[in-house]
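Visitor: Take a look at this one; I'll ask things after.
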Amino acid sequence: MPSRLQQLDKRFVWHPFTQMRDWLKGDPIVIGSGHGATLRDIRGREYLDANSSIWTNLHGHNHPKINAAIRRQLKKIAHSSALGLANEPASLLAAKMVSAANPESAIRNPKLSKVFYSDDGSTALEVALKLAYEYTRRTRSKSARGAAQPAPARFLSLDGAYHGDTIGAVSLGHIDLFHKAYRGLLFKTDKVPSPYCYRCPFNRARPERDDARNHRKCEWECVGKFEQQFSTQKKKRDPYAAFVFEPLMQGAAGMIPQPEGWLKRVTAIARGHGALLIADEVMTGFGRTGVGVQASACQENAPKRGLQQHPPLFACQQEAVEPDFLCLAKGMTGGYLPMAATLTTRKVFDAFLGEYHEFKTFFHGHSYTANQLGAAASLASLEILQSERSIQARRRLEMTLAEELKTLWSLPQVGDIRRTGLVAGIELVRDWRTKEPFALRDRIGIRVCEAMAKRGVLTRSIGNVIVLMPPYCTTPGQTKRMIDVLRDSVATTLKR
């Protein structure tokens, strides 16, 4: 018999990215509480949170330090407007994020030195788009008469890109399943091939029981296509305002990892053509791409590997790429509250300075911008991230994932296992030798995740790709259980 809460949900709630006809046929899991990497439903059943509550939770649920920070702030004030007012936690947080986002050598003169707060990943990207457009319009060359040339409105992003659900962010997206319904509302953007080594038409390597990046055979043709796209646009005299990308790993595209060196190469090309760089680290930020442990590393050898004591918190830093805009959200508050930020440079900031009557103001804002509770939670989360205990926990989780994921190669329906740091995507296919994909209408990923939920592990698929992205507090035993359950669920769901 459905509980009252299940009945209320089915009667009144419209869920995101959900076919509600299917949803209404069953009784949803209603989460009542959580602790660490474990969630508990209202009937008392426990589940492991294998995707960090849709990629947001960093340190585990009910973390005492974040709880305490929010309680302290609640005794003062929960929220006051950032329009014409400042507040303590948001000011402190901005300084901390600027410090974390810049190399140590640049702290005295940081490139990313200004923070614009918003609400979520979509709005963080929307801010970057508007700033990049207006900055480019104001700074590009002028005609002989001094009149501004038409603004370059062109943006370039990757095939399979997903950058959010506001209109500007959707315009950057190239996933037809998500975006084609809104085509009439969007402005046109261009795309270049994603470095999807497993299904790259230029990769001449035969399928192996290994991450496709490790045995690819190509001549960086995807980088050549990137260069060609910029050259073509230059000939049209309509240069790109910015290149928008998720560094190291594309999330909603299907957890598509970039081979080492790709990001450094393409961003250098974009820079060479005068384009700004917009890094979407909504998913990859705050330590998700790991501490640099190699897939073959063994836990007992970790202290000998010379890993830096304080690993970078952002994916761009792992390839020494310095973007003009760094978009952050999801894990910013540790998964507690909706909050986002767009970091940018002093050059961009200065382009919006002027006398009042010039109206150079950035006319954009949000009611809950820089809210105190979110900022307090974010400050606590940053402090945890930079602690030795958290660094060791992330290192241990990264190595455990690397070792345990290898056990999935025994399944003939596992075509590719791709992991970057603490993020993994397991692509399911009809047969690994042919890479033949399952049709989306077969709902293979959904069915596997449903089987996992029955066994006490919660995650969400992207088409035929099962995502594993556990909270950083996940123990080796819990990690092993997540992967054991995934293996059993694939075997039973796809048994022949």
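The values are calculated or read from the model by the stated rules, or taken from the named source; none is laboratory data. Every value quoted in this text rests on a predicted model; they were computed, and no experiment measured them. Cβ: placed from backbone, ideal geometry, glycine included. Neighbour counts: every protein chain shown.
Visitor: Quick check on the stretch 226-248: of everything there that is of a type in the set (D, E, K, R) and modelled with pLDDT of 95 or more, which residue is nearest to the chain's Cα centre (by Cα)? Break it down stepwise before answering.
Guide: At the first step, the residues of the stretch 226-248 found to be of a type in the set (D, E, K, R) are 227, 234-238, 246.
With modelled with pLDDT of 95 or more added as a condition, the list becomes 227, 246.
Values: 227: 25, 246: 7 Å.
Among residues in the stretch 226-248 that are of a type in the set (D, E, K, R) and modelled with pLDDT of 95 or more, the one nearest to the chain's Cα centre (by Cα) is 246.
Visitor: While we're looking at this one, here's another question. Scan 388, 403 and give me the residue that is in contact with a Cys (Cβ under 9 Å, 6 or more places away or on another chain) and of a type in the set (D, E, K, R). Give the steps one after another, and end with the answer.
Guide: Values: 388 fails: in contact with a Cys (Cβ under 9 Å, 6 or more places away or on another chain).
Within the list 388, 403, the selection yields 403.
Visitor: Determine, yes or no, whether residue 212 is of a type in the set (Gly, Ala, Ser), crowded, with 19+ Cβ neighbours inside 10 Å and over 30 Å from residue 382 (Cα atoms).
Guide: Details: of a type in the set (Gly, Ala, Ser): yes; crowded, with 19+ Cβ neighbours inside 10 Å: yes; over 30 Å from residue 382 (Cα atoms): yes.
Here the answer is yes, as residue 212 does meet what is asked.
Visitor: Looking only at the stretch 95-126, filter to residues that are over 20 Å from the mean Cα position of the chain (by Cα) and not in a loop (DSSP other than H, G, I, E, B); which one of those is surrounded by the fewest Cβ atoms within 10 Å (Cβ to Cβ)? Let's see the steps before the verdict.
Guide: Filtering the stretch 95-126 down to residues over 20 Å from the mean Cα position of the chain (by Cα) leaves 95-96, 99, 103-111, 113-114.
Next, only the ones that are not in a loop (DSSP other than H, G, I, E, B) stay: 95-96, 99, 104-106, 113-114.
Values: 95: 10, 96: 17, 99: 14, 104: 9, 105: 7, 106: 15, 113: 18, 114: 18.
Ranking the candidates gives 105 first.
Visitor: Here's something else I'd like to know. Restricting to the stretch 58-93, count the residues that are buried (at least 20 other Cβ atoms within 10 Å of the Cβ) and small (Gly, Ala, Ser).
Guide: 3
Visitor: I'm told residue 406 meets every condition in (1) surrounded by fewer than 16 Cβ atoms within 10 Å (Cβ to Cβ); (2) basic (Lys, Arg); (3) closer than 24 Å to residue 330 by Cα; (4) in contact with a strand residue (DSSP E or B) (Cβ under 9 Å, 6 or more places away or on another chain) except one. Can you identify the failing condition by its number?
Guide: (3)
Visitor: Turning to a different aspect of this structure: Looking only at the stretch 366-387, count how many residues are exposed (fewer than 15 other Cβ atoms within 10 Å of the Cβ) and in contact (Cβ under 8 Å) with a residue 12 or more places away in the chain.
Guide: Residues in the stretch 366-387 being exposed (fewer than 15 other Cβ atoms within 10 Å of the Cβ) and in contact (Cβ under 8 Å) with a residue 12 or more places away in the chain: 2 in total.
Visitor: Further question on the same structure: Of the conditions (1) modelled with pLDDT of 95 or more; (2) more than 30 Å from residue 386 (Cα to Cα); (3) not aromatic (Phe, Trp, Tyr), residue 251 clears all except one; give me its number.
Guide: (2)
Visitor: Name the pairs: first residue in the stretch 165-185 and on the phi < 0 side of the Ramachandran plot, second residue polar (S, T, N, Q), Cβ to Cβ under 7 Å, at least 6 apart or on different chains?
Guide: If the second residue must be polar (S, T, N, Q), the pairs left are 165/122; 166/122; 166/123; 169/122; 171/189; 172/157; 172/189; 174/157.
Visitor: For residue 276, only one of the following conditions fails: (1) more than 19 Å from residue 160 (Cα to Cα); (2) surrounded by fewer than 17 Cβ atoms within 10 Å (Cβ to Cβ). What is its number?
Guide: Here residue 276 clears every test but (2).
Visitor: Which members of the stretch 20-48 meet the condition of being touching a strand residue (DSSP E or B) at 6+ places or on another chain (Cβ under 7 Å), outside any strand (DSSP E or B) and either not β-branched (Val, Ile, Thr) or not assigned by TED's automatic domain parsing to the domain that holds residue 470 (or both)?
Guide: Our first condition is that a residue be touching a strand residue (DSSP E or B) at 6+ places or on another chain (Cβ under 7 Å); within the stretch 20-48, this holds for 29-42, 46-48.
Next, from what is left, pick out any that are outside any strand (DSSP E or B): 29-30, 37, 42.
Within the stretch 20-48, 37 is the sole residue that qualifies.
Visitor: What are the residues in the stretch 39-57 that are surrounded by fewer than 20 Cβ atoms within 10 Å (Cβ to Cβ) and of a type in the set (Val, Ile, Thr), if any?
Guide: Once the filter is applied, which keeps residues that are surrounded by fewer than 20 Cβ atoms within 10 Å (Cβ to Cβ) and of a type in the set (Val, Ile, Thr), the stretch 39-57 yields 42, 54.
Visitor: Still on this structure, please answer the following. Tally up the residues in the stretch 19-31 that are surrounded by fewer than 12 Cβ atoms within 10 Å (Cβ to Cβ) and either within 24 Å of the chain's Cα centre (by Cα) or of a type in the set (D, E, K, R) (or both), please.
Guide: 4
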